[in-house]
Amino acid sequence: MKRLSLLASAFGLVGAVGFATHAQAQVKLSGPPKIAFIYLGAISDGGWTGAQNRARLVLQKEFGVKIPYVENIPEQTEKVEQTIDLFVNRGYNVIIGGTYGYGDAFKAEAKAHPNVAFVNMAGVTTAPNLESPYPKTYQGWYLAGYAAGSVTKSKVIGMIEGFPIPTVLWDINAYAKGAADANPGTVAKVAFVNSWSDPVKEGQLANAMLEQGADVIATDMDSPAAIVQSEKAGKFSVGYENDMSAAAPKTIMTSIVFHWDKMLVPMIKALKAGTWTSAGASLYGMDDGMVAITEPVNHVTPAVQSKIDAMKAEMVAGKFEPFSGPIKAQDGSTKVEAGKVMTVDQLFGMNYLFSNVQGSIK
């Protein structure tokens, strides 16, 4: 799951960094790229770390090298710095991590090692040799929501979430908006686990939503526990981060999938050519290939599949934005006027739920 700091989000610091692409000086490595990964969790988690590890495997195949990694490195600056130093002292000059909490360590190490390239997936700190990318997950969630809205009979769908931070809120809001655009009057229930992985609680919350009439359950978590319960109830579901179809083969509709390699492979090629520049705190979307949905979408009509395909193509072409106005929050306030599109700063400052979402961030 996305590891953005709760404090940073609460006080607007995430939005303050702007998440803008900006040119920086080209990074010159001390030798050919030699890559190492540092993971917060285990590669077997089936979620956040597993998705990052898929990218490592792609890099290994693409460049014909073995890429080492370490698992379960906590978000403790001293521990992260020690791990980075171990790799750098062994000649590794491309260090890739994947959690907000590594940010301070990566920034300090980037300053200490200007001829080493750093990437921290889901971070916000930047330097001339440090990029912190994040995917536009809301694009996939809008399409999944449209699919969910097309099949719901109760006009009630649900989503299990981690923490109410902007990059989580934009997922539930996109899911809800897509559903309402497909089937006006559809509402999306949301429940926050207050953890990134708690399979027992995820299953319990999913069952509660099912009992309350939800007939499509989506998970924004690292485990498939929620969609397992949905399958047991004979209801549809949506997975996240990886293709979760193995956990709910009969009722899953689609999964929103991360492809970090779509950013990392071009980066390594640019480093080889001596042309890479950090894009700072950057966003990558469907046009970059970093975000995708598994297709074809199950349990939808051919007409709905064609509509989803068309909207996805428009997203890739930059002709359609899920968060186009008018958009109202639960309290009735207008967040995006008709004819306008939500800005990047508004995305990362999101601290509310859309009008057709049932639940609370408090």
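What fraction, in whole percent, of alpha-carbon pairs in the range 56-104 exceed 13 Å separation? Walk me through the intermediate numbers first.
Numbers: 723 of 1176 pairs.
Beyond 13 Å sits 61 percent of the P(r) for the range 56-104.
Looking at the P(r) of the range 227-269, how many percent of alpha-carbon pairs lie beyond 11 Å? Before the final figure, lay out the partial values.
Numbers: 573 of 903 pairs.
Beyond 11 Å sits 63 percent of the P(r) for the range 227-269.
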J(HN,Hα) series, the range 190-195, from Karplus relation 6.51 cos²θ - 1.76 cosθ + 1.60, nearest Hz, glycine and proline x: 10, 9, 9, 7, 6, 6
If you take the Cα Rg of the range 213-318 and divide it by 2.2 N^0.38 Å, with N the number of residues, what do you get? 1.31
Treating the range 184-254 as a set of equal point scatterers at the Cα positions, no solvent, please give the Debye-formula log₁₀ I(q)/I(0) at q = 0.22, 0.24 Å⁻¹. -0.88, -1.04
Relative contact order [Cα under 8 Å, 6+ residues apart], the chain, whole percent: 21
For the chain, taking Cα atoms only, what is the radius of gyration to one decimal and the Dmax to the nearest whole Å? 20.0, 60
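If I take all pairs of Cα atoms in the range 289-350, what percentage of them are more than 15 Å from each other?
Values: 1200 of 1891 pairs.
Distances greater than 15 Å cover 63 percent of the Cα pairs.
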Gaussian network model of the chain, Cα springs within a sub-10 Å range: biggest mean-square fluctuation belongs to which of PHE258, PHE118, PHE87? PHE87
Find which of ILE256, ALA226, ASN93 sits farthest along the positive direction of the dipole of the chain, computed with +1 on the beta-carbon of Lys and Arg, -1 on that of Asp and Glu, about the Cα centre. ASN93
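Give the order of SER154, SER197, SER278 when sorted by the count of other beta carbons within 10 angstrom, beginning with the fewest. Before the final figure, lay out each step's value.
Numbers: SER154 13, SER197 18, SER278 26.
Ascending number of Cβ neighbours within 10 Å: SER154, SER197, SER278.
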Once you wrap a convex hull around the alpha carbon atoms of the range 56-191, what is its projected area averaged over all directions, in nm²? 10.4
Helix-derived mean residue ellipticity, 222 nm - over the chain, DSSP H n ≥ 4, -39500 (n - 2.57), to 500: -11500 deg cm²/dmol
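Starting from 0.36 nm per residue, how many nanometres of slack lie between VAL316 and ASN351 once their C-alpha separation is accounted for?
Residue separation times 0.36 nm, minus the Cα-Cα distance, leaves 9.9 nm.
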Alpha-carbon centroid distance for the pair the range 214-246 / the range 53-116, whole angstrom: 32
Kirkwood hydrodynamic radius of the range 129-280, from inverse mean 1/r over distinct Cα pairs, in Å: 16.0
According to a simple spin-label model (label point 7 Å from Cα along Cα-to-Cβ), what is the distance in nm between LYS362 and ASN72? 4.0
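Bear in mind these aren't lab numbers, they're just calculated from the coordinates by the rules spelled out. Bear in mind the structure is a predicted one, so any value in this text is a computation, not a measurement. Neighbour counts run over all protein chains shown; Cβ positions are idealised from the backbone, glycine included.
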